[in-house]
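Please read the structure below before turning to the comments.
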Amino acid sequence: MTGSLLKVEVQANQLRHFLPLVEKVIAQTKERVWGGNRHVVGKVLSLFEPHTQVIRKGKAHKPNEFGRLVRVDEVEHGIVSGYEVLEGNAADTNSWLPAIELSEIERLAGVAIFGTLSETYRTCGRRGCHCQTGGPKHGPHLNLSYRGEKGKTTGYYVPKGAEEATREGVAAWQKLQECLRELAELNKERNLERAREAESR
Ligand SMILES: [Zn+2]
């Protein structure tokens, strides 16, 4: 008798747990379907794992992932020295920054061009050409200058066919510098953190 009462109590408890969640799912589904609102506050994503959150990796073509992010601190030979269940979106923390940055750096490094772009207008040698009689000069021609070895400034004319790739390359170089600076900052923090840990031991 007590055994079946216990069963009923367990089931009642399960209902008490699931009913509000089910009500919430119905409410947020109504919001989405009829109200067009896909961003309900405190949205329930999984009935059986209500702690589940949406994980956005910051890449438009990547589908949303569901679950929770866990940061795992790993020391040599795969021994885990610590872990932390992270709150909310990965993008809000810098926990995943190195992974994102490294792939970005790889992409940028594949196209980067070093130098400063300038556009120039020229006069030609053709007798009677408008460029020599006050008319518009020829151009713009794209030039790229950069500081070469021994600090000597050098440069080259960028042909039309290479203009787009060169402009993208120069932008990629700038972005690459930013990424490397961010990574270097993380490396610095890690080294200082390690030194503090070693001192406190
Ligand atoms: Zn001319």
State whether the residues of region 156-163 include one that is at pLDDT 90 or above, surrounded by 15 or more Cβ atoms within 10 Å (Cβ to Cβ) and within 16 Å of the ligand (Cβ to nearest atom). no
Counting only residues that are surrounded by 12 or more Cβ atoms within 10 Å (Cβ to Cβ), more than 16 Å from the ligand (Cβ to nearest atom) and not in a loop (DSSP other than H, G, I, E, B), region 103-138 contains a total of 8
When region 147-172 is examined, which residues are found to be polar (S, T, N, Q) and under 33 Å from the mean Cα position of the chain (by Cα)? T166
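The values are calculated or read from the model by the stated rules, or taken from the named source; none is laboratory data. Bear in mind the structure is a predicted one, so any value in this text is a computation, not a measurement. Virtual Cβ from ideal backbone geometry, glycine too; neighbours counted across all protein chains shown.
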